[in-house]
Structure formats: structure tokens, C-alpha cells
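Q: Quick one: the structure is below, questions incoming.
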Amino acid sequence: MTIKYKILIGTIAPLTLGLILLIFFTERFVESNKIGQLKKIRLDAEANVENKLKSQVNTVCTSISSMLASNISEEECLKTIKQVRSSASGYFWIHRYDQNSPENPIMIMHPTKPSLDGKSLAAVADDRTKKLSVNGVVLDSSVAEISSKLLFVEMNKAVAKAGEGVVSYYWSKPGEDKDVGFLKMSYVKLVEGTDWVVGTGEYINDIDETVSLRKAIIEKDAQELLKLILITIILIIIVLTIICFLVSSYISKPINIISNIIKKYSKGVLSLDDSEESALSDYSKRNDEISHATESIRAFKKYIETKANEVKELSKGNLTIDFHLASQEDQLGNSFQTMGKSLSTMVSNIQNQSSTLTDLTKKLVDITKQLS
């Protein structure tokens, strides 16, 4: 594998992995944020309903206190409250709170179910035999796993604790399937100076519809956000891949050219073509390791050429040639110096021996002449 692809893989692979992890955690964050938003929407909507019911009950309690203070009989007071409506389908009831027996509330006045008037409400509970509409989904009551409540006993507990409070439960809703219980919120308050508890309620399953609508919008926004993030990350990967490719080429191309030049030198070829000379000239201008390598290549070439010229002079019989050493550790230069000295000594010995032979030859000639 070439250096270029090692650089590309070594850079792009961890980067891509990091971006994939970023997508994963971003998706988890968006999902968590979506759940948090939906929860806040529900809580805010329920708080708005609670505040509205509280305001309505406070108004009725104030009216009752005023009527009783004006010596209006309880009977007339009950008739008046019986006619009051908090909304098109909303009404107010009044039941008795006995602090000595809070677990036994008695209905004093119920505007839509007068049959309850005067009766104990201790056993009145939300109907667990019904199906329940939970977060907009109708479930069998056994599956919903929602505990049944003794409604009015719970209301008296709230009154005993703080004089007022909220109780939520499931109840059949007019105009809907009678076998389905819908979530209802009731607010109750003890009328000061009496044992009357005024209450009213409102179905809050509409909140499920609001949450569902908001959920669809939030999910759409989340999908658009994730899509935008994904596109952005893909573009980042593409751009970084191009940058890495250019950077790797910037690094690997000089290395390839220098490697080819060294291969030439290893074969004894010191001549370079124009493109290689131009490349070395360009690389020498870079202020990095490539420029240092280029200078080293040029120095090596100069060294080899110098040694070649010195050997050439030696081959011409110039035994006085001084082999230049690039450093004390110059093995080739030292070898050439040793070779030069050896050749010089050998030639000197040959010359001495030749002189001796010449002298012997002259003596032989003289002796021959004398004998003749």
C-alpha cells in the first residue's frame, strides 16, 4: 500500500468513525429533546387546565361565602350554584367534608345527577371495567396498569391536607363511547366556615390530541434537523477527503520521484531528465523534510560524481590524485584512498624493479662485448 493511501485511510477512517458516532449521539440527543418537549407541553397544558379550574372554583366559593354572609339560605344558595356552568358541559357540585369522618363524603348537590344527592360517596370509584384512553390510545384497563381511585375520598384527602387540591381520574365522557374512560381533572376546595366542598372538572384527553399534533411537528423538525446534519457531515467527509487526497499527493509525489532517482543512482545512472531536475529544483524550495531530502539527494549525486572523476583521473595514471573524504566515516572515500596508495606503491616497486633490470641488462651487454 502506498503512502498516499495510508495517509488517506489513516485520516479518513477515524474521522468517518467519529462523524458516525456524532450522528448517533446527535440522534439520541434529538430524541431525548423531543421527549422532553412533549413532556413539557403536556405538563404546561395540564397546569393551564388546573389553574383555570382553580380560578373557577375560587369564584364559586367566593360567591357562596357572599350569599351565606348575606343570609341567603343554603337551599337558595344550592339552587343558584346548580345553574352555574364553567363551560358548555362544565358544572359545579358540592359534597360534604366531615373532618371527623373524611373517608365518608356525602353528596349535597350534583346538578346533572340529582339521584346522588344525600348519598354517601365513599365507594364511588372510576370504573376499572372500562377501556381507558391513555395518551390518545384506547387500552384495556387490565393492560393500562392504572390504579383505581375512590374519587371523593381522594378529594377529601386533598381538602384535609391543604383545604383544596387536584384529583385526576378516568370517567366516561358525554358523546364518546360509554365503555371508554377518559382522563378527567377535578379541582376541589372547602368553602371557608362550612363543611361544603365545591368541585368542578374537565376532561383533559384533548391534551393528548394537542401533544400528538405537536409530536408530529417536532418529529418532522427533528427529521429535518437530522437530514441537515447528515448532509453537512457527508459534505464535510467529501471536502476532507479531497483535502487529504491533495495533502497526501503533496507528500507522496515527491517521495515517489526521489525514490525513482535513488533507484537510478543505485544502477549507476547519475543523469536526470528535465522533469526530474525541475522537480528537485521545486522541492528544494520547500521548507520541510522533502527539501532536506532533496538537498541530501543532490549532495549524494555530487559525492558520487566527485568519486567518479577521481577514479577517472586515477585510471589515466595520475597517482597523485587526492581522494576527498566527505567525512571520517566515508567508507568509499577511504577505500579509494587505500586503493590509490596501493597502486602508487605498486607502480613505484615496478619502476624500481625496472631500473634494476635495466642495469643488469647493461652489464650483460658489456660482458658480452668483452668476451667477443
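Q: When you scan the range 23-36, do you find a residue that is within 30 Å of SER248 (Cα to Cα), of a type outside the set (Ser, Thr, Tyr) and either at pLDDT 90 or above or out of contact with any Asp or Glu (no Cβ under 6 Å at 6 or more places or on another chain) (or both), even just one?
A: The answer is yes, given that some residue of the range 23-36 is within 30 Å of SER248 (Cα to Cα), of a type outside the set (Ser, Thr, Tyr) and either at pLDDT 90 or above or out of contact with any Asp or Glu (no Cβ under 6 Å at 6 or more places or on another chain) (or both).
Q: Now for a different question. Condition first: modelled with pLDDT of 80 or more and either aliphatic (A, V, I, L, M) or surrounded by fewer than 18 Cβ atoms within 10 Å (Cβ to Cβ) (or both). Can you find one or more residues in the range 133-147 that meet it?
A: The first filter runs over the range 133-147 and keeps only residues modelled with pLDDT of 80 or more, leaving none.
The answer is no, given that none of the residues of the range 133-147 is modelled with pLDDT of 80 or more and either aliphatic (A, V, I, L, M) or surrounded by fewer than 18 Cβ atoms within 10 Å (Cβ to Cβ) (or both).
Q: So, one more: Any residue in the range 71-93 that's on the phi > 0 side of the Ramachandran plot: show its pairings with residues that are open to solvent by less than 100 Å² (accessible area, probe 1.4 Å) and modelled with pLDDT of 90 or more at Cβ separation under 6 Å, as long as the two are six or more apart or on different chains.
A: Correct list of pairs: empty, since none qualify.
Q: Could you say whether any residue in the range 280-288 is closer than 23 Å to TYR303 by Cβ and exposed (fewer than 11 other Cβ atoms within 10 Å of the Cβ)?
A: Checked the range 280-288: at least one residue is closer than 23 Å to TYR303 by Cβ and exposed (fewer than 11 other Cβ atoms within 10 Å of the Cβ).
Q: Quick check on this structure: which one of LEU235, LEU225 is farther than 30 Å from LYS40 by Cα, modelled with pLDDT of 80 or more and either touching a Pro at 6+ places or on another chain (Cβ under 9 Å) or not acidic (Asp, Glu) (or both)? Working first, answer last.
A: Working: LEU225 fails: farther than 30 Å from LYS40 by Cα.
Of the residues listed, the single one that is farther than 30 Å from LYS40 by Cα, modelled with pLDDT of 80 or more and either touching a Pro at 6+ places or on another chain (Cβ under 9 Å) or not acidic (Asp, Glu) (or both) is LEU235.
Yes/no matrix, rows are residues, columns are (1) surrounded by 14 or more Cβ atoms within 10 Å (Cβ to Cβ); (2) modelled with pLDDT under 85; (3) more than 40 Å from the chain's Cα centre (by Cα):
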site: ILE7; (1), (2), (3): yes, yes, no
site: LEU43; (1), (2), (3): no, no, no
site: VAL57; (1), (2), (3): yes, no, yes
site: VAL84; (1), (2), (3): yes, no, yes
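Q: Filter the range 161-210 for residues that are out of contact with any Leu (no Cβ under 9 Å at 6 or more places or on another chain), part of a helix (DSSP H, G or I) and either touching a residue at least 24 places away in the same chain (Cβ under 8 Å) or open to solvent by less than 20 Å² (accessible area, probe 1.4 Å) (or both) and give the result.
A: GLU209, THR210
Q: Of the residues ILE321, ILE304, which single one is in contact with an Asp or Glu (Cβ under 6 Å, 6 or more places away or on another chain) and open to solvent by less than 50 Å² (accessible area, probe 1.4 Å)? Reasoning before the result, please.
A: Details: ILE304 fails: in contact with an Asp or Glu (Cβ under 6 Å, 6 or more places away or on another chain).
The conditions single out ILE321.
The values are calculated or read from the model by the stated rules, or taken from the named source; none is laboratory data. Keep in mind it's a predicted model, so treat the numbers as computed, not measured. Heads up, the Cβs are rebuilt from the backbone with ideal geometry, glycines too, and the neighbour counts pull from every protein chain shown. All accessible areas refer to the heavy atoms of the entire protein, side chains included, with ligands and DNA or RNA removed. Shrake-Rupley method; radii C 1.70, N 1.55, O 1.52, S 1.80 Å.
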